[in-house]
Ligand code: CO
């Protein structure tokens, strides 16, 4: 029994994101971009992609480098093949997640394995603390069946990609940033509640239906940024919805970014570019 009254965090801002293309021309919505990196520290980027038109995704993301952070790719529908410079290869299918720690560097490709049908999913970038940016690269694929999930008493199925949700430990935990990443499937009338320290930044991206947070309606394909005034989140879905909840403890360290390299200083960025040109990334 917890008798302490919870203080619910409200919505500080709603964000539509920016339509763009990346990789070899993949159409996507950059929901979290550079202008929100400080506000949503430790998260650096959130891209949402969803299309029934192969021209929007077929070219994929040919070989490209990363250094200094982690990428989390979560597929809602479709199939994507991943290959990297360390010789790893994995097929990411509907409901699956790939967690990749770029650390000191990888070169990889992400290519759709379908010529028709729907491709839908997310890629989230999670920063690494300064002392871990040059760690050894690591990655793991999780199929849908391998991802922990729970069913709440209030009409919510939750897939716990990272962190802890109710009694369920997610697929991944990280000490420095304590990421909580949960795919929420809310029934009509469903309500999701989650304790969360006020200092942890949090966002919700609604990708099906719409939700209500503290009386504010958050429409489909919109990201709600939670304020930091409170210690719990509550999300209602009168008509049902699906949404990705992302939260974490901010690092409060300098961010220096040049494309796929995210370090703390310009000097480290020059080093990353030089290392990539010299073939030292992913070697
Ligand atoms: Co990549």
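Only the coordinates and a few stated rules stand behind these numbers; no lab work does. What you see is a predicted model, and the numbers here were worked out from it, not measured in a lab. Glycine also receives a Cβ, built like all others from the backbone with ideal geometry; neighbour counts cover every protein chain displayed.
A few comments on the model shown:
- Averaging 1/r over every pair of different alpha carbons in segment 129-231 and inverting the result gives a Kirkwood radius of 15.4 Å.
- Cα centroid of segment 227-263 to Cα centroid of segment 74-107, whole Å: 22 Å
- Tilt relative to the chain, helix 266-277 - C-alpha long axis, 0 to 90 degrees, to 10: 60 degrees
- A Förster distance of 22 Å, applied to the separation of the beta-carbon atoms of residue 130 and residue 273, puts the FRET efficiency at 0.70.
- Between residue 13 and residue 199, the distance separating the two model label sites (each 7 Å from Cα on the Cα→Cβ line) works out to 2.2 nm.
- Rel. contact order, % - alpha carbon contacts under 8 angstrom, at least six apart, the chain: 21 percent
- Separation of segment 116-172 and segment 22-42, taken as the distance between their Cα centroids, equals 18 angstrom.
- Residue 266/residue 138 FRET efficiency (R0 25 Å; Cβ-Cβ; nearest 0.05): 0.40
- For the chain, alpha-carbon Rg relative to the globular expectation (2.2 N^0.38 Å, N residues): 0.98
- Estimated translational D of segment 75-164 in µm²/s (Stokes, Kirkwood radius over Cα pairs; 37 °C; 0.692 mPa s): 223 µm²/s
- Our helix-only sum for the chain, with -39,500 (n - 2.57) per DSSP H run of n ≥ 4 divided by its residues, gives a mean residue ellipticity at 222 nm of -1500 deg cm²/dmol.
- Contour excess over end-to-end distance, with Cα ends at residue 150 and residue 168 and 0.36 nm allotted per residue: 5.8 nm
- Modelled spin-label separation between residue 35 and residue 113, with each label point placed 7 Å from Cα along the Cα-to-Cβ direction: 3.8 nm.
- Förster-model FRET efficiency, 41 Å R0, residue 239 and residue 176, C-beta, rounded to 0.05: 0.60
- On full extension, the segment bounded by residue 187 and residue 81 gains 35.0 nm, given 0.36 nm per residue less the C-alpha separation.
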